[in-house]
1. Residue by residue through segment 207-221, note down the ones that are free of Cβ contacts under 8 Å to residues at least 12 places away in the same chain, outside any strand (DSSP E or B) and closer than 17 Å to S195 by Cβ.
2. Tell me, yes or no, whether segment 101-109 has at least one residue that is in a helix (DSSP H, G or I) and either closer than 21 Å to A26 by Cα or modelled with pLDDT under 85 (or both).
3. Of the residues in segment 9-41, how many are among the small types (G, A, S) and in a strand (DSSP E or B)?
4. Does segment 82-96 contain at least one residue that is on the phi < 0 side of the Ramachandran plot, assigned to a helix (DSSP H, G or I), touching a residue at least 40 places away in the same chain (Cβ under 8 Å) and out of contact with any Phe, Trp or Tyr (no Cβ under 7 Å at 6 or more places or on another chain)?
5. Looking at (1) assigned to a loop (DSSP other than H, G, I, E, B); (2) buried (at least 16 other Cβ atoms within 10 Å of the Cβ), which one does L193 not meet, given that it meets all the others?
Amino acid sequence: MGARTVRIVLLEAADRSLPFALDLLASIADEVDIVELDAVAAFAGGETHLIVVARSSWTEDDALLCGKVDDARTGVPLLAISGPTPLALRTAALRAGADEFMSIPFEVDELSARAFALMRLSTRGGVLRAGQFVVDPVRRRVLVGGDRVALTLSEYDVFVALIASAGNVVTRRTLASCVGSTASSDSNIVDVLVSRIRDKLGAHAAAVETVRGVGYRFRSR
């Protein structure tokens, strides 16, 4: 993480909190903030590098909690820590939104290595933000105003090319190459994908403008 201050958010637990979680995290981070679920989004929008859900024992409800945290964050990796936990519950947490699950027993050095691996992955991903739009390349997802937009792989690739060049025109040929098409520039493959993207953006569809005879341009408004 270089010389930057490492900041971790620990999700508050009303019960079943892991007693030594704060001490563990404080040993690998410069700052540890304990927050409630409703405040996760606000912290994730700042200089937070990792979100942690730590429990003395893990239940199905905690997997649901990971899903809620996943919905609230924007590109910040999520680490789950718990006492001894069955494989079924660990995999449920990973499917729900956790990026890594560590079950006791483990060494502090392993926690540090896995936490920093997650933080490096997030940094390399390069979250894109434009107004209410957020693109998380690590998880290949798009959020608008905090709501997830379900795009197919081809739709996602086209949208990323547009938002990465926000304010500039991207030609149809360039957008076609993003989805592996070698068709001529007048092919309608891009037009079809953009139409689908607009449908899924709903009230925000106007952010993708048509530049007649050339291609498309993204404006966050």
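1. The one that is free of Cβ contacts under 8 Å to residues at least 12 places away in the same chain, outside any strand (DSSP E or B) and closer than 17 Å to S195 by Cβ: R212.
2. Yes, the conditions are met somewhere in segment 101-109.
3. 1
4. For segment 82-96, residues on the phi < 0 side of the Ramachandran plot, assigned to a helix (DSSP H, G or I), touching a residue at least 40 places away in the same chain (Cβ under 8 Å) and out of contact with any Phe, Trp or Tyr (no Cβ under 7 Å at 6 or more places or on another chain): absent.
5. Of everything listed in (1) assigned to a loop (DSSP other than H, G, I, E, B); (2) buried (at least 16 other Cβ atoms within 10 Å of the Cβ), L193 misses just condition (1).
This table checks each residue for (1) surrounded by 20 or more Cβ atoms within 10 Å (Cβ to Cβ); (2) in contact with a helix residue (DSSP H, G or I) (Cβ under 9 Å, 6 or more places away or on another chain); (3) at pLDDT below 80; (4) not β-branched (V, I, T).
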{"position": "I8", "(1), (2), (3), (4)": "yes, yes, no, no"}
{"position": "A21", "(1), (2), (3), (4)": "yes, no, no, yes"}
{"position": "S27", "(1), (2), (3), (4)": "no, yes, no, yes"}
{"position": "E31", "(1), (2), (3), (4)": "no, no, yes, yes"}
{"position": "E36", "(1), (2), (3), (4)": "no, no, yes, yes"}
{"position": "V40", "(1), (2), (3), (4)": "yes, yes, yes, no"}
{"position": "A80", "(1), (2), (3), (4)": "yes, yes, no, yes"}
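The values are calculated or read from the model by the stated rules, or taken from the named source; none is laboratory data. Given the structure is predicted, the values throughout are model-derived calculations rather than measurements. FYI the Cβ positions are ideal-geometry reconstructions off the backbone, even for glycines, and counts take in every protein chain you see.
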